[in-house]
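Asker: Quick one: the structure is below, questions incoming.
Read-outs throughout are calculated quantities, based only on the coordinates presented, and are distinct from any laboratory measurement. The structure presented is a predicted model; accordingly, all values stated were derived computationally and were not measured. For neighbour counting, all protein chains shown are included, and Cβ atoms are generated from backbone atoms with ideal geometry for every residue, glycine included.
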Amino acid sequence: MEKKATLTVNGKTYDIPLLIGTEGEMALDISTLRQKTGLITLDPGYANTGSCTSSITFMDGEKGILRYRGYPVEQLAEYSSFRETAYLLINGELPSAKELERFSLMLNDHSLVHEDMRSFFENFPRRAHPMGILSSMVNALRAFYPEIPERSEEEEINITFARLLSKVRTMAAVSYKISRGHKVVYPRHDLSYCANFLKMMFDSPVKPYHVHDDIVDALNVFWILHADHEQNCSTAAVRLVGSARVNLYAAISAGICALWGPLHGGANQAVVEMLQDIQDSGGDPAPFIARARDKNDPFRLMGFGHRVYKTYDPRARIMEKVCNRVLKKLKIHDPLLDIAKRLEEMAVNDPYFIDHHLYPNVDFYSGIVLRAMGIPLNMFPVMFAIGRLPGWISQWKESMEDPKWKLHRPRQIYTGLQKRDYIPVDQRG
Ligand code: CMC
């Protein structure tokens, strides 16, 4: 039996088809609503609007479930590598050993950044935020790596994916080194994706950096947990900008800009700043919780709440374990972790947070993990961006391959003044 809903407007009834996903989620398919009824739907912030169908990531915000291509994120965090998870997201299946080797070779081949790009990094003001630098430089990649007409479209796209995954990681480290006035460290063919990044970030001719397995493991999990999150703000930006058929670099650059915001990927930086503020004010989280509850105060508890999760973010649980493990292994005592635990304990038992379904999200513990690795605070959102690349790429690819592809162009309900006539300046009161 065909599933449908009915809508009655001014006494006239219309059938609205019901769409059912593989996990049983249901949607009203309103794609012909305006054509049939002259009506549009209004949904500020798109909280009730599905912008596409997708077979990449499944989230259940009520049960706290997250799966990439059907695999629970808990299993991927335990057994997979970020490189393999990136392959899975982009290609739909886990790679065979041969496919993984080919993918790794490709990432290695494309890990260097054009030497002429160095001068750009050198000329940003030293205090420029790394997210602004990264989004500009990713956009600039198209100029340095134009399409080669002799290549097939498929080959060109696969090379672009590899370039992005590999070069963005190199660019992040180059930008950090140059911002410190230090010698740039080149990627190496004999190191894993994560170890390579750490070496490029922290190695120095006078202070060699020894890659620590526990840090590599933590970084792998950090990036796997950030790899995709269905139609979040930055991914929606990538799809929207990409829908105008711009090149992928420009679409990813838009995603980086969206991710920069403190309500999205900038939250990991904002959480640590908030924990530091709590520490500086004596270490008691209670006044901060009181401010978050106060309707007249715009302050929000950073690292708490989520548009989709109305229970614990499953990534936050894994991140907390990683945090405890890495600090213990590295014998680090971070007072911010004690504050974070006290804050969480108080917030999850507070009626305001319970009633509003506000629980820790992925960013709550991730900043403490990044601090333990030695990543500087303003680079935290960049770490999120590197992790989110496979998601942006796979979502862009899916949208380009969608037979129902359409330019993204929402409508509005106009609430301004009605038509009026122009008055010459000398006749205005
Ligand atoms: N602290 C205090 N109150 C909050 C918070 C918070 N962190 N988050 C939501 N609320 C309240 C909000 O004031 C509102 O209250 P009321 O209904 O009484 O007016 C209610 O909860 C709903 O808020 P909303 O802004 O309509 O909800 P949303 O679904 O748009 O918010 C959010 C999602 C992530 C923007 C929000 O929870 C927030 O600002 N959190 C802090 C920033 C943060 O941690 N962001 C990282 C998100 S996870 C990483 C990622 O995927 O980007």
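Asker: Report the net charge of residues surrounding Leu330, where surrounding means a beta-carbon distance below 14 angstrom and charges are Lys +1, Arg +1, Asp -1, Glu -1.
Answerer: Once positives and negatives cancel, what remains is +1.
Asker: Take each uninterrupted DSSP H stretch in the chain, measure its Cα extent along the helix axis, and return the ones at 15 Å or beyond whose mean Kyte-Doolittle hydropathy is at least 0.5.
Answerer: 130-144, 213-226, 248-259, 363-373
Asker: Dividing the Cα radius of gyration by the Kirkwood radius, what Rg/Rh value follows for the chain?
Answerer: Rg divided by Rh gives 1.00.
Asker: Further, regarding this structure: So which trypsin sites (Lys or Arg not before Pro) in region 144-227 end up in coil per DSSP with only 12 or fewer other C-beta atoms within 10 Å?
Answerer: Answer by residue number: Arg151, Arg180, Lys183.
Asker: Here's something else I'd like to know. Write down, largest first, the equivalent ellipsoid semi-axes of region 187-325 in whole Å, where each equals the square root of 5 times an eigenvalue of the alpha-carbon gyration tensor.
Answerer: Listed largest to smallest, the semi-axes of region 187-325 are 30, 25, 15 Å.
Asker: Another question about this same structure. Suppose the chain between Asp355 and Asp43 were pulled fully straight at 0.36 nm per residue; how much longer would it get relative to their current alpha carbon spacing?
Answerer: Between Asp355 and Asp43, full extension yields an extra 110.0 nm.
Asker: Still on this structure, I have one more. At q = 0.18 Å⁻¹, what log₁₀ I(q)/I(0) does region 30-154 have when each alpha carbon counts as one equal point scatterer in the Debye sum?
Answerer: -1.12
Asker: Note down the magnitude of the dipole of the chain about its Cα centre, charges +1 on Lys and Arg C-beta and -1 on Asp and Glu C-beta and zero elsewhere, to the nearest 20 debye.
Answerer: 800
Asker: Assuming R0 = 41 Å, can you tell me the calculated FRET efficiency for the pair Leu191 and Thr6, based on Cβ-Cβ distance, to the nearest 0.05?
Answerer: 0.10
Asker: For region 78-128, which GluC sites (Glu not before Pro) are in a loop by DSSP, counting at most 12 other Cβ atoms within 10 Å?
Answerer: Hits after loop and neighbour filter: Glu93.
Asker: Given N residues in region 21-103, what is its alpha carbon radius of gyration divided by 2.2 N^0.38 Å?
Answerer: 1.50
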